[in-house]
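Below you'll find the structure, written out as structure tokens, and then a few comments.
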Amino acid sequence: MEEITWSDFEKVALKVGTILEVLDFPEARKPAFKVKVDFGEFGQKWSSAQITKHYSKEELIGKQIIGVINFPNKQIANFISEFLVTGFADQHGDIVLAAVERKVPNGSSLL
């Protein structure tokens, strides 16, 4: 694994946001949802997330997650993803969201 410097890490905008809306994304190659997240002062952004194995649309609403908000937009099928949803693969390769333990203000940075 390549080492990075602290200044490299500081360039990654890892922010907390609250999921506001979740839609099905049948056009995606792998099962995914479209999620709309409120990042406070950084605005509301959409992303595609392959999290359908562990989460229902209903349980995601109001959940705080961690996203990378300073990557360039990425087109996925007919959809533009505006940030990267973060998570970890379980033993089957299904994604478990990276989330905060307690509620914090939207837009807060991972330190």
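All of the numbers you see were taken from the coordinates with simple rules; none came from a lab. The structure displayed is predicted, hence computed values, not measured ones. No Cβ is skipped: glycine too gets one built from the backbone with ideal geometry, and neighbour counts run over all protein chains shown.
Of all the options 84, 23, 60, the one that moves most in a Gaussian network model of the chain with Cα springs shorter than 10 angstrom is 23. Taking the number of Cβ atoms within 10 Å of each Cβ as an exposure proxy, the fewest-first ranking of 94, 24 is 24, 94. Largest mean-square fluctuation among 16, 37, 96, in a Gaussian network model of the chain whose springs join Cα atoms under 10 Å apart, belongs to 96.
DSSP loop trypsin sites (Lys or Arg not before Pro) in the stretch 1-84 with at most 13 other Cβ atoms within 10 Å of their Cβ, which ones?
Filter output for the stretch 1-84: 11, 29, 53.
One entry in (i) 39, 32, 28; (ii) 165, 18, 13; (iii) 62, 32, 20 is Cα extents along the principal axes in Å calculated from the shown coordinates; its label is (i).
I want the local charge near residue 31. Using Cβ-Cβ distances under 13 Å, sum +1 for each Lys or Arg and -1 for each Asp or Glu among the other residues. Local charge sum for residue 31: +2. Helices in the chain, meaning DSSP H runs of at least 4 residues, each add -39500 (n - 2.57). Divided by all residues, the mean residue ellipticity at 222 nm is -1500 deg cm²/dmol. A Cβ-based charge dipole, computed about the Cα centre of the chain with Lys and Arg at +1 and Asp and Glu at -1, lands at about 260 debye. Full extension of the chain between residue 13 and residue 71 yields a length gain of 20.0 nm, computed as 0.36 nm times the residue separation minus the alpha carbon distance. The residues packed around residue 65, meaning those with a beta-carbon under 11 Å from its beta-carbon, carry a net charge of +1 if Lys and Arg are +1 and Asp and Glu are -1.
To make sure I understand, if each residue's beta carbon is the centre and we count other beta carbons within 10 Å, what order do 6, 46 fall in, fewest to most?
Taking fewest neighbouring Cβ atoms as first place, the list is 6, 46.
Starting from the Cα-Cα distance between residue 99 and residue 4, subtract it from 0.36 nm times their residue separation and give me the gain in nm to one decimal. Going from the current span to full extension adds 31.9 nm.
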